[in-house]
1. Would you list which aspartates and glutamates come within 13 Å of residue 69, measuring only between C-alpha atoms, while excluding same-chain residues fewer than 8 positions from it?
2. Given points 7 Å out from each Cα along the Cα-Cβ axis, report the residue 2 to residue 24 separation in nanometres with one decimal.
3. Which whole-Hz ³J(HN,Hα) couplings does segment 74-80 yield from phi under the Karplus relation 6.51 cos²θ - 1.76 cosθ + 1.60, θ = phi - 60°, glycine and proline marked x?
4. For segment 16-77, what does the alpha-carbon gyration tensor say about shape, rounded, prolate or oblate, given a ≥ b ≥ c as the root eigenvalues, a/c under 1.5 as rounded, and a/b over b/c as prolate?
5. At residue 88 and residue 74, where each label point lies 7 Å from the Cα along Cα→Cβ, what is the point-to-point distance in nanometres?
6. What ranking of 103, 74 emerges when the number of other C-beta atoms within 10 Å of each C-beta is taken as an exposure proxy, fewest first?
7. Which of the listed residues, 94, 110, 9, is farthest toward the dipole's positive end in the chain, when Lys, Arg count +1 and Asp, Glu count -1 at the beta-carbon?
8. What is the order of 15, 83, fewest Cβ neighbours within 10 Å to most?
Amino acid sequence: MDLGLDVEPDRNGYTVLAVRGEVDVYTAPRLREKIVELVSEGKYKIVVDLEGVDFLDSTGLGVLVGGLKRLRSHDGDLTLVCTQHRILKVFEITGLTKVFSIHDSVDAAVAA
């Protein structure tokens, strides 16, 4: 399955990056490149919408953690949107629910 990456216009100062498909060892580099590109454009508050993600492996988690570190070095933040139990479970098992702010919707993430 291919990886879809769509950037939505700014919402209350946040850039929304909607991710679709599988985030794995093959597709994660494209996600990393997109996050780096957004940061280089001066977008330091990013909401990553994972609602369209079917699969997320450790490589994908690493990209999200790396993105969070990159944004925090610019006093920014990376927030996640995810309601899918199987994807949330990955964050719970790895303890990353303590690291990331995870919301039920883009609207909730932007408002937080």
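1. Qualifying aspartates and glutamates at Cα under 13 Å: 77.
2. If labels sit at residue 2 and residue 24, their model points lie 1.7 nm apart.
3. Couplings: 10, 6, x, 7, 10, 10, 10 Hz.
4. Prolate, since a/c reaches 1.5 and a/b exceeds b/c.
5. Going by the 7 Å Cα→Cβ label model, 3.0 nm.
6. Details: 103 19, 74 12.
Lowest count first: 74, 103.
7. The Cα lying farthest towards the positive end belongs to 94.
8. 83, 15
Read-outs throughout are calculated quantities, based only on the coordinates presented, and are distinct from any laboratory measurement. All values reported here derive from a predicted model rather than from experimental measurement. So basically every Cβ, Gly included, is an ideal-geometry build from the backbone, and we count neighbours across all protein chains shown.
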